[in-house]
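Every read-out reported here was derived from the displayed coordinates using simple, explicitly stated rules and does not represent laboratory data. Please read these numbers as outputs of a predicted model, since none were measured by experiment. Cβ placement follows ideal geometry from the backbone for every residue including glycine, while neighbour counts extend to all protein chains displayed.
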Amino acid sequence: MSIVDTKTFSKLISSKRIFPVYLFAGEESYLIELCLRKLDKLLEVNDFNKEIFYILEAPFDDILNALHTPPFLGKRRVVVVKSINKINTTDVGKFISYLSNVVESSCLILLYFCNYKKETVVKRKELINKCISSENCIAVNCRKQYENEVKEFIKNEFTRRNKTISYDIISKIIADVGNDLLNISSEIEKVSLFIGENIKNITNYDFEKIMGITKETNTYVLSSFIESKNLKKSMFILEKLLGEGEEPIIILSVILSTLRKLLSAKSMIEEQKMSIKDVGSNIGIHNLYSTSFFTNLKKHNIKKLLTSFKIVLEADISIKSDRSEAVSVLEKTILYICE
């Protein structure tokens, strides 16, 4: 089978046919993650039956043992191998051999975060070609999108949020953010959050107003992503805030405020047995964001939140004593809260 695009892959997912091996290759990490989510939903594998390996850290025998291990209380095991573009050439033959002798009760997922067409190492190129031609493997091209495809992506993402937007604004988003879908997705999330649910048509005036208060909006969006434990997007917004010159200690205060709100709500519900409506009123949650906040609240527990406060206190001391460590300290703080 030749390499397929992401739309064809979505159709294959809809058919519910599962292949023993998948290769997701390309520079567009957002599309790779999107394909992975769709495949995860189809496979319905619990944590007991899923293992993730990084190719530079895992001997092939460990990967092979995982593939041959029978699934526990389930139909299938899933083995994900990341950064296959960095595979040692001595292991290439072993992966090629597995393509011809797959374990039917396992699903091997290979992630190649590069332009596979530009692969210069002969052995790695051979592995890609074998995956593409193998009847046991579905290879998906997650390439960078052309500008017209990016425009369509932006339009569809806003439509999915029940909003319309002009191609003039779409062009402005691309000019401001670039063609990277992960960055664009974060920008769309930010604009949608700022506009709110009631406004369906985003005008040029709305967009210019949002761009005029980017820093303030980004601090709000950072809080929202921390609430939802979205590590990737939290890190992206952190990077944008630092790039815009926001003080690390201000960002830390946003994180602390988010934790206080989560802990207060959790305590009111679990210890004081208050209703969600009363909790929302007490901590000032707007009705527009009430559903998402209380959905995200379920992802947190009081013990972890209390420990997170200690982490923030340590971060505050570290930043004030050594500003050169501020970025690393903020990243570690967000990582702990979101993991």
Would you kindly give the portion of the calculated P(r) for the stretch 6-141 that falls above 23 Å, as a percent of all Cα pairs? 27 percent
At 222 nm, what helix-only mean residue ellipticity would the chain give, in deg cm²/dmol to the nearest 500, using -39500 (n - 2.57) for each DSSP H run of four or more? -19500 deg cm²/dmol
Rounded to the nearest Å, the spacing of the alpha-carbon centers of the stretch 1-66 and the stretch 303-326 is 37 Å
Can you tell me what percent of all Cα-Cα pairs in the stretch 147-212 are more than 14 Å apart? 51 percent
Relative exposure of 4, 92, judged by other C-beta atoms within 10 Å (fewest first): 4, 92
Tell me, Kirkwood radius of the stretch 83-199 from alpha-carbon pair distances, in Å? 17.2 Å
Calculate the dipole size of the stretch 227-338 relative to its Cα centre from +1 charges on Lys and Arg beta carbons and -1 charges on Asp and Glu beta carbons; express the result in debye to the nearest 20. 540 debye
Any chance you could tell me what percent of the C-alpha pair distances in the stretch 47-113 go past 20 Å? 22 percent
Taking the chain as a Gaussian network, Cα atoms linked when under 10 Å apart, which of 240, 298, 190 shows the biggest mean-square fluctuation? 298
Of 134, 31, 15, which is farthest towards the positive pole of the stretch 6-141's charge dipole, taken about the Cα centre with +1 and -1 on the beta-carbons of Lys, Arg and Asp, Glu respectively? 15
Local electrostatic count at residue 284 - Lys and Arg +1, Asp and Glu -1, tallied over other residues with Cβ under 15 Å: +1
Let me spell out the model: positive unit charges on the Cβ of Lys and Arg, negative unit charges on the Cβ of Asp and Glu, origin at the Cα centre of the chain. What dipole size does that give, in debye rounded to 20? 900 debye
23 Å Cα-Cα threshold exceeded, pairs from 82/125; 38/303; 240/303; 41/233: 38/303; 240/303
Going from the fewest other Cβ atoms within 10 Å to the most, one would list 50, 303 as 303, 50
If I take R0 = 35 Å and measure r between the Cβ atoms of residue 15 and residue 56 in this structure, what FRET efficiency does the formula 1/(1 + (r/R0)^6) give, to the nearest 0.05? 0.50
Running Debye on the stretch 249-302 with equal point scatterers at the Cα sites and no solvent, what base-10 log of I(q)/I(0) appears at q = 0.17 Å⁻¹? -0.51
For the chain, modelled as a Gaussian network with Cα springs under 10 Å, which listed residue fluctuates most, 203, 291, 120? 120
Within the stretch 9-144: Cβ-based charge dipole about Cα centre, in debye rounded to nearest 20 (Lys, Arg +1; Asp, Glu -1): 520 debye
By count of other Cβ within 10 Å, fewest leading, how are 124, 37, 323 ordered? 37, 323, 124
Could you point to the label whose value was computed as semi-axes √(5λ) of the Cα gyration tensor in Å for the structure here, given (i) 32, 24, 21; (ii) 38, 26, 21; (iii) 46, 24, 19? (ii)
